[in-house]
1. Considering all alpha-carbon pairs of the stretch 54-287, what whole percent are spaced by more than 31 angstrom?
2. Pick from G65, G78, G252: which residue has the top mean-square fluctuation in a GNM of the chain where Cα pairs under 10 Å get a spring?
3. For the stretch 287-326, restrict the atom set to alpha-carbon positions and state the Rg and Dmax in Å.
4. If you rank R156, R175 by fewest surrounding Cβ atoms within 10 Å, what's the result?
5. Given labels modelled 7 Å from the Cα in the Cβ direction, how far is it in nm from W42 to K144?
6. In which sequence would M4, M216, M321 go, from the one with the fewest C-beta neighbours within 10 Å to the one with the most?
7. Just how large is the dipole of the stretch 1-88 about the Cα centre, in debye to the nearest 20, putting +1 at every Lys and Arg Cβ and -1 at every Asp and Glu Cβ?
8. Round to the nearest 0.05 the FRET efficiency obtained for Q255 and F5 when R0 = 35 Å and r is the Cβ-Cβ distance.
Amino acid sequence: MAAMFWIIGARLAEREVREGALRIEGHLITGKTTSVPFGVKWHEAHGLTIVPAFIDAHVHLSVAGDVTLVSRAEVRRGVAGVLDLGEPERLLPFDPRPLRARYAGPLMTAPGGYPTQTWGKDGYGLELSSAGEARDAVARLAEKQARFVKLAFDPRFPLLRHEVAQAAADEAHKRGLIVAAHALDAESVRLALDAGADVLAHTPRDALPADLLARMKGKWVISTLWAFGVSPDRLRALKEAGARIAYGTDLGNEQTKTGIDERELALLVAAGVDPVAAATRDAADLLGFKELGRLSVGSTASLLAVRGLAPQQLADPVWVMNCGKLVV
C-alpha cells in the first residue's frame, strides 16, 4: 500500500486562499479537509501557504545546459513541468525526468531564417521550402511524440512563405498538435495568426493594433517578459483582449536562470495577471497536464510550501514536494 500522510497547518492557495489540509497517498492528493483525523501521520506546514508546483511554458533545456542536471535543478527549485519550445530532432523523443515535459522540436523556419543563422545553427531550426516539406516535418515530429509545433517569424531573416507556414499549421491541427509562434513584432504576429497559430510563444514587443488584439481572444500568450525586456503593458492589453496567459521564462536565453523567476512573476503582477494562476492552473491547461497545476483530489502531489504569495516568496519555497516526495 502507498504511504499516506497529511500536510497540516497550512493555507491552501488556488482560486482563493483558505486554511486546510491535504492527504497524500503515494504520488497523489487523495483528500482535502479542514479537520484532520486524530492519530494520522502528518507533515507540519504551520504558517505556510501551499501552492501547486510551477509549470514553465517556455524553456530550452538543452540550451540551458546538461538536460539531466537542468531538469533536476528545475524540480528542486519548484518547477514540476515545462514546455520545451526548441529542441533538435535528434534529441526526440524527449523525456527529461524527473521534470515532466511537453515539447515542439525545432523551430520551423524559412531557408536561412531565424534561428538557423544565430543560436539555432545546430538543428534548433528546421528550414522548410515547400508545403510538402512542412507537412512531412510535422508528421515526423508527431511520430516523435511532439505535442506542439513552433513557427518562427523574425523579419531580420527570411520568413516562411504563407502557404508553407499554413501547411505546417494545418497538418499540426489535423494531428491534434498545438501551433506556437515566435513573433515579437506586430507584422510577425499577423503572419503567425494568418498561418493558424494558437499560441504566441512570447509577449510581443510591439503594441498590437486593435484588429490583432481582437484576433487574440481565446488564444494563448506565454509571458517571457523579462528575457526580452517587454513592457507589462503589452501583456495587459492582450489579457484585456481576452487572450489566456501562461507563465514562461525562455530558460536557456542568456537573461534566464533555472527555477522560478521572481522577476518574471513581478512583471506578471504589473501586467495585472495572477502569477500563481499563470504558472499553475493555466499553464497546465495549455500543456495538457491534467494532473498538475491544482490542489484538487486526484492531482499529483507536486507542491510548494511558501511564506506568502509575493513574487520573491513564490520564487523561494520553504520546501518542494514532487510526486508525493520532499525534494532535497
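1. Everything past 31 Å amounts to 13 percent.
2. G65
3. Reported Rg and Dmax, both Å: 11.1, 29.
4. R156, R175
5. According to this spin-label approximation, the distance is 5.0 nm.
6. Details: M4 14, M216 21, M321 24.
The fewest-first ordering by Cβ neighbours comes to M4, M216, M321.
7. That gives the stretch 1-88 a dipole magnitude of about 380 debye.
8. 0.30
Values quoted throughout were computed directly from the atomic coordinates according to the rules given, and no laboratory measurement underlies them. Everything numeric in this text was worked out from a predicted model, so none of it was measured. Glycine gets a Cβ as well: all are built from the backbone with ideal geometry, and neighbour counts include every protein chain shown.
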